Structures are given as C-alpha cells and as structure tokens.
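Participant: Submitted below is the structure of interest, expressed as structure tokens.
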Amino acid sequence: MTSGLGRSLVHIVQNEVTGKRLSDYVPGKFPGLDTKSAAKNVIKRGEIMVQGNVASTATLVFHGYTIVWNKPEQIIPAKIYKVNLNVVFEDEYLAIVNKPAGIVVSGKRFDTLENGLRAYLKPSPLEDALALPRAIHRLDSSTSGLVIVAKTHSMRISLGRLIEEKAISKTYHALVIGEPLPFGFFDSPVNCKKALTRFETVKTIPSLVSGRLSLLRLFPETGRTHQIRIHLWEAGFPILGDKLYGKPGFVLRGKGLFLSATGVEFFHPVKGKQIKVAIDLPGKFQRFIAGEYRRWEKYSPEALKTSGE
C-alpha cells in the first residue's frame with residue numbers, strides 16, 4: 001500500500017517478504033522509482049527511511065515494515081520561455097507538440113522548448129507528475145516538427161523504453177537538391193554506428209538555380225545524430241538550407257533548413273491505444289516550391305524561347 005503525505009510517500013510492505021534488500025524491493029513501489037538505478041540513487045541521497053531510520057541499499061525489509069520516501073520539492077523556474085507552440089495531442093500522461101524551427105529542445109540554457117511547455121500544457125493530476133514536462137527525444141534546433149513530451153516520471157521511463165525497442169515510428173519531410181529514385185533506402189553507418197533511413201519521393205520540380213528539387217518523405221529506422229541530414233548529403237541529395245551538410249551557395253537567407261518531423265506513431269504505454277499524429281508541411285515548403293516552379297515557367301530557356309518567338 002502506498003499513499004502520499006505532503007512531501008512524503010509511505011509504503012507498507014504487504015507481501016510475505018523476509019529479509020529482502022531495500023534496493024531490490026523498492027523499484028516499482030513508488031511512482032517515479034520504476035528502475036533499480038533510480039531507487040539506488042534516492043536511497044544513497046538519504047531520502048528513504050525504513051522503520052523511522054535512514055536506510056541504505058543493504059537495509060533488509062520484512063512484512064509489515066513502513067518505508068517512507070521523503071521526496072524533495074521539485075524546483076520550478078520562475079520564468080516561462082515565451083515560444084509559439086501548437087499542442088497536437090495531450091492527456092494526463094504525455095503530449096505531442098509542434099516545435100518551430102530555431103528552438104533548442106532542452107539544455108541548460110533558458111530559451112528551450114521544455115522551458116516553454118508550461119504555458120501550453122495542463123499540469124498532470126497524477127501522483128508522479130513531473131514539475132516540468134520533459135521531451136523524450138531531440139530534434140535539431142534547425143528542424144521543425146513533432147516532439148513527444150512526458151508529463152509523469154513513469155511515462156518518461158515507458159516512452160524511453162519504446163525508443164530503445166524502436167517502437168515509435170517517425171516520419172519526416174525534406175526538400176532536397178537533385179532527383180532521387182521514387183523510393184529506396186540509405187544504410188551507410190553514421191558515426192561508426194548502424195543507421196537506416198527509408199525514403200519516398202513525393203514530387204520533383206525543375207529549378208533555375210538547383211536544376212531539380214525533390215520533396216521527400218523519410219522514415220528513419222534508427223536514431224543517430226543528424227542521421228537524415230548525413231544520409232542525404234552522402235547520397236548526393238543535400239537538404240536545402242543545410243548549413244552543416246548542405247551544398248555551398250544553397251543556404252537561403254531567412255529560410256532555414258527544409259526538414260520537418262511531420263508524423264509519429266506508437267501505442268500508448270498506459271492506455272494501450274494507438275497514437276498516430278501527422279501535421280501539414282510547414283508553409284515555407286509549399287511557398288518555396290510554388291515560387292521555384294513559377295520562376296521556371298517564366299525564365300527557363302524553353303519559356304524564354306517561346307516568349308521570343
């Protein structure tokens with residue numbers, strides 16, 4: 001039995017437990033202490049008491065013993081970072097938000113996505129609610145799109161496991177220079193680690209400057225740092241606006257990187273239902289494609305030849 005008493009959580013050992021080590025018994029008995037490593041950390045910090053005494057990892061517990069977790073207050077920053085976010089999905093356990101390009105997901109700096117979430121997300125009413133919702137994966141600051149956010153300790157752990165098990169499917173869209181095959185995959189190692197990205201070519205248009213531009217739909221099967229950007233660069237189809245891996249002279253002022261995380265799909269770890277979220281392409285994609293096509297129709301050699309006849 002576990003109950004909350006202010007800042008303290010109390011657990012009474014109910015089962016026929018005879019001389020079990022505290023570090024082996026505690027995992028799963030308190031919200032937020034679902035793993036052995038997490039339990040060891042709070043025990044070593046002196047936050048766990050058994051029968052009124054501060055316990056160690058080697059303390060033995062028995063049937064009827066009282067275990068108290070004196071949980072410290074979670075510190076909430078006074079200021080909220082002002083950022084324009086769109087919440088695509090939310091319940092008491094998790095949320096999915098659409099991150100604008102140019103925003104860092106997390107870190108020690110103030111201007112991060114995580115520091116702006118409180119202005120948009122409802123506080124979780126659950127016992128193991130996080131004081132600050134946490135993103136469970138990253139997007140490059142220059143990449144826009146969907147980010148999954150945990151609102152409780154246990155959900156953060158569960159979503160982390162889904163990532164490790166490759167049970168979260170992600171979809172990206174990118175505007176690249178060149179004309180890839182209609183579909184295929186890239187499987188060259190990234191940072192000496194196995195990496196796989198599948199792709200589909202949605203459309204290809206002529207471009208006066210780039211020759212050909214293609215809109216791709218991409219499905220990363222692994223999650224290496226900069227995986228999509230590196231795979232496309234190595235294949236000869238760099239993403240438009242990529243300052244790090246792009247083609248010199250094709251970084252457009254004020255346009256940014258043409259890469260967006262547009263879809264996620266997974267099964268809710270608690271509710272068991274399928275979560276499938278998709279967003280439209282950022283407006284800059286469609287505007288740039290339409291502008292390039294208009295310029296081609298007006299200034300291409302064929303157009304100029306026709307207008308001169």
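Participant: How many residues does the stretch 206-230 contain that are part of a strand (DSSP E or B) and out of contact with any Gly (no Cβ under 7 Å at 6 or more places or on another chain)?
Facilitator: 10
Participant: Okay, moving on. Could you figure out which of (1) within 25 Å of PRO27 (Cα to Cα); (2) touching a residue at least 40 places away in the same chain (Cβ under 8 Å) isn't true of LEU139?
Facilitator: Unmet for LEU139, out of (1) within 25 Å of PRO27 (Cα to Cα); (2) touching a residue at least 40 places away in the same chain (Cβ under 8 Å): (1).
Participant: Among the residues of the stretch 194-207, are any in contact with a helix residue (DSSP H, G or I) (Cβ under 7 Å, 6 or more places away or on another chain) and under 19 Å from LYS170 (Cβ atoms)?
Facilitator: yes
Participant: Yes or no: ILE275 out of contact with any Ser or Thr (no Cβ under 9 Å at 6 or more places or on another chain), aliphatic (A, V, I, L, M) and modelled with pLDDT of 95 or more?
Facilitator: In short, yes.
Participant: Could you name every one of the strands (runs of 3 or more DSSP E) located completely within the stretch 15-66 that has at least 3 residues being among the charged types (D, E, K, R) and under 26 Å from THR152 (Cα atoms)?
Facilitator: Strands (runs of 3 or more DSSP E) meeting the threshold: none at all.
Participant: Wholly within the stretch 142-191, which strands (runs of 3 or more DSSP E) include no fewer than the required count, namely at least 3 residues that are aliphatic (A, V, I, L, M) and surrounded by 13 or more Cβ atoms within 10 Å (Cβ to Cβ)?
Facilitator: In the stretch 142-191, the matching strands (runs of 3 or more DSSP E) lie at 144-152, 169-177.
Participant: Still on this structure, I have one more. Looking at this structure, is SER214 more than 20 Å from the chain's Cα centre (by Cα) and at pLDDT 95 or above?
Facilitator: The answer is yes for SER214.
Participant: Which count do you get for residues in the stretch 24-45 that are in contact with a His (Cβ under 9 Å, 6 or more places away or on another chain) and not aromatic (Phe, Trp, Tyr)?
Facilitator: The qualifying residues number 7.
The values are calculated or read from the model by the stated rules, or taken from the named source; none is laboratory data. Computed from a prediction, not measured in an experiment: that's the story for all the values here. Here Cβ is always computed from backbone atoms with ideal geometry, including for glycine, and neighbour counts include all displayed protein chains.
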